[in-house]
1. Considering only the range 76-128, how many residues are small (Gly, Ala, Ser), at pLDDT 95 or above and farther than 16 Å from Ala323 by Cα?
2. Find the helices (runs of 4 or more DSSP H) located wholly in the range 237-346 whose residues include 3 or more that are within 16 Å of the ligand (Cβ to nearest atom), and list them.
3. Give the range 409-431 a look and list any residue that's part of a loop (DSSP other than H, G, I, E, B) and under 20 Å from Thr381 (Cβ atoms), or say none.
4. Looking at the structure I just gave you, is Asp71 in a helix (DSSP H, G or I), under 29 Å from Leu341 (Cα atoms) and within 16 Å of the ligand (Cβ to nearest atom)?
5. Would you mind stating whether Val373 is at pLDDT below 95 and within 16 Å of the ligand (Cβ to nearest atom)?
6. So, Ala246, is that one buried (at least 18 other Cβ atoms within 10 Å of the Cβ), modelled with pLDDT of 95 or more and assigned by TED's automatic domain parsing to the domain that holds Tyr273 or not?
7. So, Tyr64, is that one under 29 Å from Tyr189 (Cβ atoms), more than 16 Å from the ligand (Cβ to nearest atom) and part of a strand (DSSP E or B) or not?
8. If we keep just the residues of the range 132-182 that are of a type in the set (Gly, Ala, Ser) and in contact with a Gly (Cβ under 9 Å, 6 or more places away or on another chain), which is surrounded by the fewest Cβ atoms within 10 Å (Cβ to Cβ)?
Amino acid sequence: MKRLFIILLAFSLILAVPGDAVEADDPEVELTIAGGAVGDEMEWTERAAEVYEERNPEVEVTIYATPDETDERRSLYLQYFEAESDEIDVYQIDVMWPGDMAEHLLDLYEYGAEDYVDDHIQGIVENNTTADGELVAMPSFVDAGLLYYREDLLEKYDLEVPETWAELEEAARIIQEGEREHNPDFHGYIWQGNAYEGLTCNILEWFASNGGGNFVSHDERVTVLNDQNRHMLEKAAGWIGDISPAGVTGYVEEDARGIFQNGNAAFMRNWPYAYPLARESEAFDPEDFGVTELPSGPEGESVATLGGWQFAASEHSEHPEYAADLAMFLTGKEMQKERALIAGNAPTVLELYEDEEILEAYPYWEEFYDVFVNAVPRPSTVTAPNYDEVSTAIYEEAHDVLSGRKDALTALEYMEIRIMDITGFPPGDPR
Ligand code: GLC
């Protein structure tokens, strides 16, 4: 009898789990996040999902890891949107997409976003707001192109941190030559040269840092065909097989990051996420590398392309309230801080740039705050809804030059005509 009582007691205790007994394997609400897995991103997403589940015991969050390349992610999302699929509730979306994807996304203002928007970098909030005033995504982190360099090698070869592309070239060449004596795999400068969106980001930095504009101006002019851009495209093509490996024309962010982290490059162009990973390098000590602004050309100033990701809630979700709540939770101050500490992603919540723990982990952010806030956007708003095609024209034509299939002038002529065709805009001078 006593034994039966104990069994019954144990059984009733199992039923009386906290939160009024929604068992983890029987959730009331199942949500799926389509998130990124670049660098340590996935670790953060898993952690964030865990915290959300702890606070909302009726919810089970599943993570759908999406491809690293932004173009592939976009195609994948478009398939879900076209099918009006409810399989994904919350999407991590790139900074160029809010306008194009708006019709499939919930207006977060209808779910209480006005309490949080003022905390964020306002330019990105505007970027995520449609002409009708709907906030279709909340900023999660801001990206800006940076130059990573090996401080120990600059010292070894008695060189300064380069400020111009010409200085970068020279320093990269000297270091490469010296290091190759004992390391045949060593490269001077690595970046993202594959034919994809990441190359468009690199090209924008080359062109705009030499006064050549950012492809399409606010006043709807195509600003591609000019001497400044020709000079930069020829210069970049000249790096290949010299300070950059031939394989760079196939590199995306993670390829470059791996090479730098393994100690096989003097300089790298990449986003902030590579910083904590470079600190874990087994090839060099954390104090042996630094980050600085990208170089400038003879006719311009350093430019960082604006990147970054947002969380948006799907219009097709079965649980819109929860989906919106989760998108806002993931982008709130608490989770942005975790994201910064785990994955090195720069916050859009301004207050975090004064957070001691964050500044201790990323001392360079104090100085780089301006770089993040002033990063130059790709022309996605002015060319909407055709930015994707515009970018394809840019990276395809430039890739032809990098891989020796076209000369710079011909490629720029094609690039300009293609963008004029897509947008209907006339050519003009960069401003
Ligand atoms: C980074 C940026 C994103 C950009 C992509 C290109 O993920 O945050 O905005 O489109 O790189 O590869």
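1. 1
2. Hits in the range 237-346: 253-261, 274-279, 333-343.
3. So the first thing to find is which residues in the range 409-431 are part of a loop (DSSP other than H, G, I, E, B), and the list is 424-426, 428-431.
Result: Gly424, Phe425, Pro426, Gly428, Pro430, Arg431.
4. Against the criterion (in a helix (DSSP H, G or I), under 29 Å from Leu341 (Cα atoms) and within 16 Å of the ligand (Cβ to nearest atom)), Asp71 qualifies.
5. Values: at pLDDT below 95: yes; within 16 Å of the ligand (Cβ to nearest atom): yes.
Spelling it out, Val373 is indeed at pLDDT below 95 and within 16 Å of the ligand (Cβ to nearest atom).
6. no
7. Values: under 29 Å from Tyr189 (Cβ atoms): no; more than 16 Å from the ligand (Cβ to nearest atom): yes; part of a strand (DSSP E or B): yes.
Spelling it out, it is not the case that Tyr64 is under 29 Å from Tyr189 (Cβ atoms), more than 16 Å from the ligand (Cβ to nearest atom) and part of a strand (DSSP E or B).
8. Step by step, filter the range 132-182, then rank; the result is Ala166.
The values are calculated or read from the model by the stated rules, or taken from the named source; none is laboratory data. This is a predicted model, so every value here is computed, not measured. Neighbour counts are summed over all protein chains in view; Cβ atoms, including those assigned to glycine, are modelled from backbone coordinates with ideal geometry. Accessible surface is based on the protein model in full, side chains and every heavy atom, while ligands, DNA and RNA are left aside. Shrake-Rupley method; radii C 1.70, N 1.55, O 1.52, S 1.80 Å.
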